[in-house]
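Step one of this worksheet: look at the structure below.
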Amino acid sequence: MNYKILLTSLLILGINPLSANAYCPQGNPRSTDYIRRKTPDRCEGIKVQPISGNSLSLISIATRNINDYGNRISLQVPRIKKGNNPEVLVTSRDDKHNKYNYILDDLLLSNNGENFGFSWDTYVLKKANIPANKLRALASYSLGSQKVYVPVTLAKSSGKYEFVFYSQDRVRFTSLKIFPLEKKKEDNPIYSTSRKTANSGEISFIWDGSKAPGGRYKLHYIAFIDRINEPSDRIENVIVFEHHPNWLK
């Protein structure tokens with residue numbers, strides 16, 4: 001079979017069209033619009049943001065246990081060595097109608113020693129009817145030329161990590177494996193799976209890393225974007241992330 005090859009960087013940087021713009025305007029805080037909000041300071045709201053085709057985005061590395069919304073919800077981002085000012089993005093997408101994103105970004109994080117934290121009211125989430133089980137979160141540190149992801153804890157840990165990708169096209173993963181970063185030869189992965197049936201929307205992978213030693217890991221995947229009567233686009237990528245068993249407790 002001949003494939004049209006889609007060249008990508010070894011890092012996910014540059015293929016995430018779900019990221020919000022750096023600027024959000026002032027507005028009515030009782031609306032659900034994506035605006036600058038206070039106490040605490042952040043950009044939050046619903047934003048019409050169509051996604052172009054020919055894309056596969058990482059939208060979440062998180063551990064979460066949220067059944068419903070109270071008055072407030074919190075997140076925690078682990079601190080790593082030499083890591084400062086993590087970039088954090090919380091999203092929820094309307095898969096059914098593909099019309100909007102819930103976006104929370106540009107957060108004023110608190111420094112809690114081993115973690116950065118953030119707590120915000122759930123007014124927008126409730127008014128916009130965002131399902132609690134549809135919140136996604138992504139956090140990363142820029143360490144020189146390398147982007148290192150860390151899992152976000154939303155509310156409470158589930159004891160497992162959830163890696164979530166998104167594409168409006170039909171995607172199949174022929175290989176998805178996790179290795180320690182220092183491992184040069186990619187044999188004997190600590191996690192290996194695939195999704196041979198093509199699906200659009202969110203595609204989730206669950207990894208129980210509670211018994212894996214703390215350190216830096218790489219998630220190596222090969223995926224194909226399938227279209228009718230067209231060659232498939234091949235995407236091969238490596239995502240670097242950090243893990244510690246305590247983050248799952």
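Between residues in the stretch 233-247 that are without any contact (Cβ under 8 Å) to a residue 40 or more places away in the chain and residues that are assigned to a strand (DSSP E or B), which pairs lie under 9 Å by C-beta distance while being six or more apart or on different chains?
Matching pairs, first to second residue: ASN246/PRO78.
If we keep just the residues of the stretch 91-100 that are of a type in the set (S, T, N, Q) and at pLDDT 90 or above, which is surrounded by the fewest Cβ atoms within 10 Å (Cβ to Cβ)?
So the first thing to find is which residues in the stretch 91-100 are of a type in the set (S, T, N, Q), and the list is 91-92, 98.
Filter once more, so that each one left must be at pLDDT 90 or above: 91-92.
On the way: THR91: 25, SER92: 23.
Once the filter is applied, the top-ranked residue is SER92.
When you scan the stretch 209-249, how many residues do you find that are in contact with a Gly (Cβ under 7 Å, 6 or more places away or on another chain) and assigned to a loop (DSSP other than H, G, I, E, B)?
Within the stretch 209-249, residues that are in contact with a Gly (Cβ under 7 Å, 6 or more places away or on another chain) and assigned to a loop (DSSP other than H, G, I, E, B) number 2.
Count, please, the residues in the stretch 62-84 that happen to be over 14 Å from ASN133 (Cβ atoms), in contact (Cβ under 8 Å) with a residue 40 or more places away in the chain and not small (Gly, Ala, Ser).
Going through the stretch 62-84 one residue at a time, the tally reaches 9.
Test PHE165 against the stated conditions and say whether it is hydrophobic (A, V, I, L, M, F, W, C) and under 19 Å from SER57 (Cβ atoms).
yes
Scanning the stretch 55-65 for residues that are surrounded by 15 or more Cβ atoms within 10 Å (Cβ to Cβ) and either of a type in the set (A, V, I, L, M) or part of a loop (DSSP other than H, G, I, E, B) (or both), which turns out modelled with the lowest pLDDT? Steps first, answer last, please.
Just the residues of the stretch 55-65 that are surrounded by 15 or more Cβ atoms within 10 Å (Cβ to Cβ), to begin with: 55-64.
Filter once more, keeping what is either of a type in the set (A, V, I, L, M) or part of a loop (DSSP other than H, G, I, E, B) (or both): 55-56, 58-59, 61-62.
On the way: SER55: 86, LEU56: 94, LEU58: 98, ILE59: 97, ILE61: 99, ALA62: 99.
The extreme case among them is SER55.
Within the stretch 183-207, which residues are modelled with pLDDT under 95 and among the aromatic types (Phe, Trp, Tyr)?
none
Can TRP247 be described as within 21 Å of TYR166 (Cβ to Cβ) and at pLDDT 95 or above?
Judged against the criteria, TRP247 is not a match.
Of all residues in the stretch 187-208, which are of a type in the set (Lys, Arg) and either outside any strand (DSSP E or B) or surrounded by 15 or more Cβ atoms within 10 Å (Cβ to Cβ) (or both)?
Correct list: ARG195 only.
Here's the yes/no breakdown for (1) over 30 Å from VAL171 (Cβ atoms); (2) surrounded by fewer than 18 Cβ atoms within 10 Å (Cβ to Cβ); (3) at pLDDT below 95:
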| site | (1), (2), (3) |
| --- | --- |
| TYR69 | yes, yes, no |
| LEU75 | no, no, no |
| PRO78 | no, no, no |
| ASN85 | yes, yes, yes |
| ILE103 | no, no, no |
| ASN111 | yes, yes, yes |
| GLY117 | yes, yes, no |
| THR122 | yes, yes, no |
| LYS127 | yes, yes, no |
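Residues of the stretch 1-46 being modelled with pLDDT under 90 and farther than 30 Å from LYS218 by Cβ, which ones? It would help to see each step written out before you state the result.
Filtering the stretch 1-46 for residues modelled with pLDDT under 90 gives 1-23.
Listed by number, the list holds a single entry, TYR23.
Mind listing whichever residues of the stretch 143-162 are on the phi > 0 side of the Ramachandran plot and either touching a residue at least 60 places away in the same chain (Cβ under 8 Å) or crowded, with 18+ Cβ neighbours inside 10 Å (or both)?
Those that are on the phi > 0 side of the Ramachandran plot and either touching a residue at least 60 places away in the same chain (Cβ under 8 Å) or crowded, with 18+ Cβ neighbours inside 10 Å (or both): ALA155, GLY159.
Go through (1) on the phi > 0 side of the Ramachandran plot; (2) without any contact (Cβ under 8 Å) to a residue 12 or more places away in the chain for LYS184 and report which single condition fails.
Here LYS184 meets the rest and fails (1).
Note down all Cβ pairs under 6 Å where the first residue falls in the stretch 33-46 and is in contact (Cβ under 8 Å) with a residue 12 or more places away in the chain, the second is of a type in the set (Val, Ile, Thr) and in a strand (DSSP E or B), and they're at least six residues apart or on different chains.
Qualifying pairs under 6 Å: TYR34/ILE103; GLY45/ILE35.
The values are calculated or read from the model by the stated rules, or taken from the named source; none is laboratory data. Worth saying up front: this structure is predicted, and the values here are computed from it rather than measured. Cβ: placed from backbone, ideal geometry, glycine included. Neighbour counts: every protein chain shown.
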